[in-house]
Amino acid sequence: MKLPIHPRSIAFRLIVAVLAVELASAVLVVVLSYGYERHSHFRSFDVMLHGRVDSILGAVQDADDHPQDDVMLVQSDLHVPPDDIYQVYAANGRLLGRSANWQGLAPDFSAPPRGLYSRMIVNGRHYRVLLFNASRIIDVAEPGGGKLRQFTILYGAPTEYVWRAINGAVKFYAVGSLLLLLVTGPLIAWLLHRGLLPLRQLAALASNVSVDSWQFSPPASARLTPELAPLTQAIESVLSRLEASFLQQRAFVSDAAHELKTAVAVIKSSLQLLGVKRRTAEEYKAGLERCLADSLRLEEIVAKMLTLARLESAASSPCTPSISEIAECLRLTFTELQTVATLRQVLLVAGALPAEECTVPLTAEDCRLLLSNLLLNALQHSPPASKIEVRLTRSSDAVELVIEDHGEGIDPQVLPHVFDRFYRGDPSRTRATGGTGLGLAIARAIVERAGGAIVLASQPGEGTTATVRLPLASEDSSSLPKSPSA
């Protein structure tokens with residue numbers, strides 16, 4: 001089966017990494033096996049040399065027929081391989097015997113041996129030679145239990161057989177490791193290809209999502225795979241937010257078009273009515289004033305749409321931090337709206353403001369826009385002779401603003417949608433509803449941009465309470481110049 005693996009794919013890199021680890025492991029095994037085999041074979045080889053030295057020592061006997069010689073080496077008693085070499089010396093340095101193939105020089109007994117084992121080349125062959133100082137009691141049957149004699153034995157054997165065995169064992173490990181790599185390479189590729197199947201299925205289903213089709217049902221294999229479950233949840237969450245954003249944008253465009261079309265249609269109809277017949281100057285003036293009022297309403301809608309767009313675009317892009325004093329902004333907004341409250345016969349009541357400074361991460365313009373939108377919304381839904389209470393409190397890390405009116409309240413079915421753009425409880429969308437349906441949407445955008453939260457709680461017939469919680473400006477931001485409040 002051909003596995004389409006791109007050189008830069010995760011599967012390719014995993015296969016290369018695994019094979020590299022296997023190759024490094026194989027090299028390490030070969031090196032370790034070489035050391036182990038060399039040690040174990042030469043250890044056995046040295047044991048063999050000691051055994052053969054003992055056999056040579058057993059061939060040393062008393063020389064009865066040679067009075068001038070104490071001991072002699074009986075060659076007929078030796079049973080050693082023909083390739084081995086040996087030399088036997090008495091304590092006085094006299095050569096007792098040597099192998100026929102020995103061509104080495106006699107050892108220097110005046111100097112101590114350099115080591116127990118040494119290497120020699122005899123007839124072009126490499127030998128490992130053992131230098132052994134031995135003692136043996138000769139002629140045990142004599143009175144006194146015989147005589148103790150000292151001997152020096154040099155015994156060597158060719159090492160080519162040992163190296164052949166070592167190389168054969170190492171070659172076996174090397175060939176076995178190579179075969180293992182050749183077998184496991186395609187097997188790893190197949191297993192990875194099969195193991196990444198849930199990821200490919202997830203990618204295939206995600207690629208089918210489009211603006212017109214938001215259906216996304218991840219495969220069960222992706223949900224049950226621990227490594228893919230977080231990715232699956234993230235894709236679902238992202239697509240859900242994108243779908244909501246697209247639907248919101250579509251609704252915004254549709255609502256904006258409806259609002260603008262209504263305002264333009266009203267202006268157009270007012271002008272058409274003025275041109276149907278000849279009218280007096282007062283009638284023309286009244287008609288033009290209606291057109292001006294509708295134009296101002298149209299201008300207000302466009303301005304609020306631009307404000308909302310500015311807030312939403314600023315929320316997704318870095319900006320220069322700015323802070324403002326919310327208590328000061330609240331005092332200025334109260335002063336500005338006192339006239340509106342008086343005309344509506346509504347009493348604005350402000351609680352005691354905190355003694356400590358209440359700086360929030362908002363520009364003064366946005367802070368006052370937030371306060372005016374919330375207060376105007378409360379004024380528009382408060383009956384005459386009622387009151388609106390405003391409380392501002394400060395905690396260690398946040399400020400909380402509460403605006404409570406005693407007006408008509410909000411229907412529970414309407415409450416979840418009050419922050420939607422262009423949404424109003426009155427479906428008629430007439431000028432009598434008062435407002436464009438963007439005030440609360442702008443307020444929420446301002447609060448969320450500052451990292452805060454806004455909540456509306458309402459009971460029909462009892463009133464509505466708006467609660468805004470804003471974080472205090474950080475210590476780093478508190479050193480920045482405050483936005484001008486006026």
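Just to check your reading of the model, which residue among A378, A309, A314 is in a helix (DSSP H, G or I) and at pLDDT 80 or above? Testing whether each residue is in a helix (DSSP H, G or I) and at pLDDT 80 or above leaves just A378. Here the condition is being touching a Phe, Trp or Tyr at 6+ places or on another chain (Cβ under 7 Å) and closer than 30 Å to P198 by Cα; of E236, E227, it holds for E236 alone. Checking each residue of segment 402-412 against the condition of being at pLDDT below 90 and either assigned to a helix (DSSP H, G or I) or touching a Cys at 6+ places or on another chain (Cβ under 7 Å) (or both) gives no match.
Restricting to segment 329-356, name every residue that is out of contact with any helix residue (DSSP H, G or I) (no Cβ under 9 Å at 6 or more places or on another chain), of a type outside the set (K, R) and under 15 Å from S372 (Cβ atoms). Within segment 329-356, T335, Q338, T339 meet the criteria.
The set of residues in segment 140-159 that are modelled with pLDDT under 80, part of a loop (DSSP other than H, G, I, E, B) and at negative phi comprises V140, A141, E142, P143. Checked against (1) at pLDDT below 75; (2) closer than 27 Å to D366 by Cα; (3) surrounded by fewer than 13 Cβ atoms within 10 Å (Cβ to Cβ), L296 meets all criteria but (1). Can you pull out every residue in segment 461-486 that is hydrophobic (A, V, I, L, M, F, W, C) and modelled with pLDDT under 55? Of everything in segment 461-486, those that are hydrophobic (A, V, I, L, M, F, W, C) and modelled with pLDDT under 55 turn out to be L480, A486. Would you confirm, using the coordinates I've provided, whether K285 is exposed (fewer than 13 other Cβ atoms within 10 Å of the Cβ), over 30 Å from R449 (Cα atoms) and at pLDDT below 75? In short, no. Here is a check on your reading of the model: is A341 of a type in the set (A, V, I, L, M, F, W, C), at pLDDT below 85 and surrounded by fewer than 21 Cβ atoms within 10 Å (Cβ to Cβ)? When the stated conditions are applied, A341 does not pass them.
Evaluating Y173 against the criteria (1) under 30 Å from Y86 (Cβ atoms); (2) in contact with a Phe, Trp or Tyr (Cβ under 9 Å, 6 or more places away or on another chain) leaves one unmet condition, (1).
The values are calculated or read from the model by the stated rules, or taken from the named source; none is laboratory data. If you're wondering where the values come from, they're calculated on a predicted model, not measured in any experiment. Every residue, glycine as well, gets a Cβ built from its backbone with ideal geometry; the counts of neighbours run over all protein chains shown.
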